[in-house]
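In what follows, a single structure is set out as structure tokens and then discussed.
The values are calculated or read from the model by the stated rules, or taken from the named source; none is laboratory data. As the structure is a computational prediction, the values presented were derived from the model and not from experiment. As a convention, Cβ positions derive from the backbone with ideal geometry for all residues, glycine included, and neighbour counts pool all protein chains shown.
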Amino acid sequence: MILQIETATTSCSVALADKGQVLAYKEINARNIHAEVITIYIEDLIRQCEITYSAIDAVAVSCGPGSYTGLRIGVSTAKGLCFALDKPLIAVDTLAAMANGLIATNEVEDSTLLCPMIDARRMEVYTAVYDINNNIIKPTAAEIIDENSFGDLLAVNKMLFFGDGAGKCQAALGHNANALFVTDFSNSATHLTNIAHEKFDRAEFEDVAYFEPYYLKDFIAGKKAD
């Protein structure tokens, strides 16, 4: 039984999965609401599934890249639960979870590449490229998108762009017939399920005391929160 937490974007999502199957989830997509609702959502799931906190075998958290504030809230919540319950912590790469979630919820041709995008600032996104088996084709990076981005890959592959950073990139990349866009994708704790289950089976756990989110870039304070 794994409690899964996703707060890397504007989506605040929690899920309970048992042996790789989602039992229940609760989520909302709204900016700056994570701290207000995340513990309430977890408590609601515990009640809904009629279990106690001690029945949880591990806590999995989407660890970045993503929003500095969102990641901090999600990881702090996960670490607090692990300390209190003496349970292991599982970290799931946010972009890998997004690719896994898209594959689980859409029909994708085997040769199509997947490009999850998380909104950063202006025309910048946090992104990576995966194949249909979640193998990394292009590693995680902060990319400023223009009409030449991913040109080598788009020359020979269809690519699916999705996530809250993909919409602003459509104008730059949409001229290429191989660039396809999924417009209704939202991050979800349910997308962590397969990766979290596999890591649990391998006992691939984090050091709860020292684990930090993968911010990718240093936090820059400003008038507009991320």
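Miscellaneous remarks
- Selection status of Cys49, in contact with a strand residue (DSSP E or B) (Cβ under 8 Å, 6 or more places away or on another chain), crowded, with 22+ Cβ neighbours inside 10 Å and not assigned by TED's automatic domain parsing to the domain that holds Cys115: no
- Search result, residues across region 67-99 that are more than 8 Å from the chain's Cα centre (by Cα) and under 20 Å from Arg31 (Cβ atoms): Ser67, Tyr68, Thr69, Gly70, Leu71, Arg72, Ile73, Gly74, Val75, Ser76, Thr77
- Note on region 138-152: residues that are in a loop (DSSP other than H, G, I, E, B) and touching an Asp or Glu at 6+ places or on another chain (Cβ under 6 Å) amount to 0.
- Lone qualifier among Tyr41, Tyr25 - being in contact (Cβ under 8 Å) with a residue 12 or more places away in the chain, among the aromatic types (Phe, Trp, Tyr), under 24 Å from Phe185 (Cβ atoms) and touching a Leu at 6+ places or on another chain (Cβ under 8 Å): Tyr25
- Any chance Val61 is under 14 Å from the mean Cα position of the chain (by Cα) and under 27 Å from Val125 (Cβ atoms): yes
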